[in-house]
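Please treat every number below as a calculation from the coordinates, not as lab data. A quick note: this is a predicted structure, and the numbers were derived from the prediction, not measured. Every residue, glycine as well, gets a Cβ built from its backbone with ideal geometry; the counts of neighbours run over all protein chains shown.
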Amino acid sequence: MQRKAARAATAVRRVLPGIAMLTALATAGLTGCTSSGGDRTVSDAKAGGSPAPAPAGKYRSLPSPCKAPEIKRLKAMLPTPDSLTEEQREKLYAGAADTSYDGDRHVGCRWAAGTPSETRLLYVGFERVVSYDRATASDDDRARQVYVRQLTDAKLPFPGPTTSPSPSASASTSAGPGPSASASAGASAGTSTSPAPSGSPSGSPAPVLGSRVLEDLGDEAFLDDKLGAAGASAAQARSVRIVFRASNVIVTVEYSVQPSAAGTVPPSTETQDAARELAEALSERFGG
């Protein structure tokens, strides 16, 4: 009996270390799985996290629109009668700023000048577009949406033609539409064909340039040319609006010429050239 009891005790002592070792291995295995699973959870959270927001737009502020055009250019676009005093001219060319409650987001300036033969109006406006959710759209993306909306409102196709007529070849080359083509294009964009201006030879009407998309002006641009309705006693006014985008800023130039004498129509080429030259000068201020 004593021998049997001794053999049983010896067997127990042999089994216990094995059980202890198995227990230790099992514990280590559980710990390893928990650690591995935790790492995967952290990795998955990082992979499925929100994307980094787009950087803010290039422009954080806006220049003063009343000081944006050069005084020399204003005098050329807005002639005044000799009867004005120097003080009156200075006030006229200083412009009238639009009321704005956020000068870093939307500003504008207006000028008006009249002579016995005509009245001219000019407007320059800057709008800085900001995206309130740059995780889904950048400031530039939002500005482009604003530009496209204005392009659509002008009834111009998007993305529009890839070329724009040059003033020197407006009616004689394929780069610019002739009077008949312009009249067709203008009908859809609110532009009318105008007769020859006063003093031009009979049978040689001034070329008419219709509304169109422009190249080489900001990131993207268009020109909207509208001619007022003709009347028996009222002259037709021509209004040219140019809109272009410079990164996250929308720039608008509006130039109108209203003759005093009935039957007189401002030529499209001269009116558009003046507005476009101003728009190009403003584009340079934005690095365009």
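Some notes on this structure:
- Surrounding net charge for Asp139, when Lys and Arg each add one and Asp and Glu each subtract one, Cβ distance under 14 Å: +2
- Simple spin-label estimate for Asp273 and Arg105 gives 4.1 nm between the two label positions (7 Å along the Cα-to-Cβ direction from each Cα).
- Qualifying trypsin sites (Lys or Arg not before Pro) in the range 232-274, DSSP loop, other Cβ atoms within 10 Å at most 13: none
- Cβ crowding within 10 Å averaged over residues, with 97-109, 249-261 ranked highest first: 249-261, 97-109
- Extension reserve of the Lys91-Glu284 stretch, reckoned as 0.36 nm per residue once the Cα distance is removed: 66.9 nm
- Computed from label points 7 Å out along Cα-Cβ, the spacing between Ser64 and Ala135 is 4.1 nm.
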